[in-house]
Amino acid sequence: MNSSASTASCDIPEVESPYAGRRIRLSEYLAMSAMAFGVNFHWGALILILMPREAKGFSTNPAVIFGLVIGLGALVATVAPLFVGALTDRCAAKVGRRRPYLIWGVAINLLGLLAMYAGVQAGSLALYIAAFVIVQLGNNVATTAFSSLIPDLAPPGQRGPASGWMTLFMQLGTLLGALGIGLFMDAAGPAAKYAAVGLLLTLFTAFTVLGIRETPLPYRPAKVRWGSYLRSLWIDPKKYPNFAWVWVMRAAIMMGFYAIMPFVQFYFTDMIGVERPERVVGGLIGGIMVGSATTGLLCGAICERWGLIRVNRLACLGMAVFTIPFIFCRSVPQVLFVGILFGLAYGAFISANWTLGTSVLPSRSNAAKEMAVWHVAMTLPQTVAGPIAGVGVALFGQRMVQVPGEMPVYHYTPAGYAFLFSFATLCFGLSLLALAKVRLEEKPAEATLSEPEIAHV
């Protein structure tokens, strides 16, 4: 990182982890990771189940509306952590640096959920979009602080298991959010679904807030000099080319991944002919996670034997190859089978790429700020992936299905989904070009390391 980065961070005192000098107990690992379940349940339910259905109520061209809403929300998710990271690093509260931001962030998130429900009930797209922006803001305030818990609390040598537990909670949260809300879509009203999302987010956040121990800063650091701080976020690609190319590689993968995931429910309706797609979306997510968990658990040993670069290359290639078959699937079992294959590649990527990313970071002096810069590679692509995917699918037109006595139903065409998956494959292919520029002296990878990062869509 450039010199201004070091200057910007030198006024923050070092504090020792309250867990230093001993082994972390299972209950403490669970407390560090619990919030990940609530957050990912929240996003699995919203992005994969609730919002696609609600977009159909706002427009007969829901892919465009949904893509634009996702892109706008992702813009907030890109910008907010860059500012929140500096503030939470300098928080001198007696309860610790991270707890106040966890609490206030979730409180804002809950207000946004309430406003989203109000927007649905009122049929107001403007209120709905504004509410989603509030949800993103609150969620990113909380998760920016949360993503720093492992670097703050887990002593070296115990961060791998801590990250592994967090990854498990992330996967379970996304799966159960999509599966649980999807299965009970028709049984429960809108108020009950939003209440369930908010309740679980609150409960698992409370488990983390009450269960962790933090060492407060001994004094209040100087206020942030925002001009210097924002300049410190720039990492010179000429000085740190490996970090720059790994960042680009990750951004390309996230661009392809988030071009597909928000539109899974539309895909099941239009291409597979499923009348209640929310009931099978969880099955696809489960298939992807079965595959990803398999390779994620084995990835450390594979990286140690084959090297990080080679495993990342195989993961990116696998994602590109296994995306194409989705174009030709015409039944739910076919989609689930391809989803497992895709998950094998994706699991290798999230584990090996996280290890690769931590291997090329220029500095780790400010945990929240460093993770916010890395986090941008996931969120920034979403600001354009959603709108590109939504508009691209819509450009190929819709076909109307009229059932006597019912309102007409509009379906996007196979050509639109061919564009969608081809675009994703192109993004995965571009990641290989970026990876080819990385020059890394291979070192054995930590076998238990997984990606301790909250997934946003």
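Just for helices (runs of 4 or more DSSP H) wholly inside the stretch 62-153: which have at least 2 residues that are among the hydroxyl-bearing types (Ser, Thr, Tyr) and more than 18 Å from Pro381 (Cα to Cα)?
Of the helices (runs of 4 or more DSSP H) lying wholly inside the stretch 62-153, those with at least 2 residues that are among the hydroxyl-bearing types (Ser, Thr, Tyr) and more than 18 Å from Pro381 (Cα to Cα) span 99-122, 125-146.
Tell me which of these Pro156 doesn't satisfy, since it passes every other one: (1) assigned to a helix (DSSP H, G or I); (2) within 24 Å of Ala348 (Cα to Cα); (3) out of contact with any Lys or Arg (no Cβ under 9 Å at 6 or more places or on another chain); (4) open to solvent by 10 Å² or more (accessible area, probe 1.4 Å).
Going through (1) assigned to a helix (DSSP H, G or I); (2) within 24 Å of Ala348 (Cα to Cα); (3) out of contact with any Lys or Arg (no Cβ under 9 Å at 6 or more places or on another chain); (4) open to solvent by 10 Å² or more (accessible area, probe 1.4 Å) one by one, Pro156 breaks only (1).
Can you tell which of Glu16, Glu28 is in a helix (DSSP H, G or I) and of a type in the set (D, E, K, R)?
Result of the check over Glu16, Glu28: Glu28.
Does Ala192 satisfy the criteria of being in a helix (DSSP H, G or I), under 29 Å from Leu284 (Cβ atoms) and open to solvent by 20 Å² or more (accessible area, probe 1.4 Å)?
Answer is yes for this residue.
Go through Leu82, Leu68, Leu72 for me and flag whichever is surrounded by fewer than 24 Cβ atoms within 10 Å (Cβ to Cβ), at pLDDT below 90 and of a type in the set (A, V, I, L, M).
Leu82
Which ones in the stretch 10-49 are under 16 Å from Leu172 (Cβ atoms) and hydroxyl-bearing (Ser, Thr, Tyr)?
Of everything in the stretch 10-49, those that are under 16 Å from Leu172 (Cβ atoms) and hydroxyl-bearing (Ser, Thr, Tyr) turn out to be Tyr29, Ser33.
Considering each residue of the stretch 166-198, count those that are out of contact with any helix residue (DSSP H, G or I) (no Cβ under 9 Å at 6 or more places or on another chain) and aliphatic (A, V, I, L, M), and give that number.
2
Considering each residue of the stretch 262-307, count those that are under 23 Å from Val248 (Cβ atoms) and either over 22 Å from the mean Cα position of the chain (by Cα) or not in a helix (DSSP H, G or I) (or both), and give that number.
Selection size over the stretch 262-307: 3.
So which pairs qualify, if the first residue must be in the stretch 162-185 and under 21 Å from Pro262 (Cα atoms), the second must be β-branched (Val, Ile, Thr) and part of a helix (DSSP H, G or I), the Cβ gap must be under 6 Å, and the two must be at least 6 apart or on different chains?
Leu175/Ile285; Ala178/Ile49; Ala178/Val281; Ala178/Ile285; Ile181/Ile49; Gly182/Ile49; Gly182/Val281
The values are calculated or read from the model by the stated rules, or taken from the named source; none is laboratory data. Because the structure is a prediction, the values reported are computed rather than measured. With ideal geometry, Cβ positions are generated from the backbone for all residues, glycine too; neighbour counts draw on all protein chains shown. Protein only, heavy atoms only, side chains kept; ligands, DNA and RNA dropped before computing areas. Shrake-Rupley method; radii C 1.70, N 1.55, O 1.52, S 1.80 Å.
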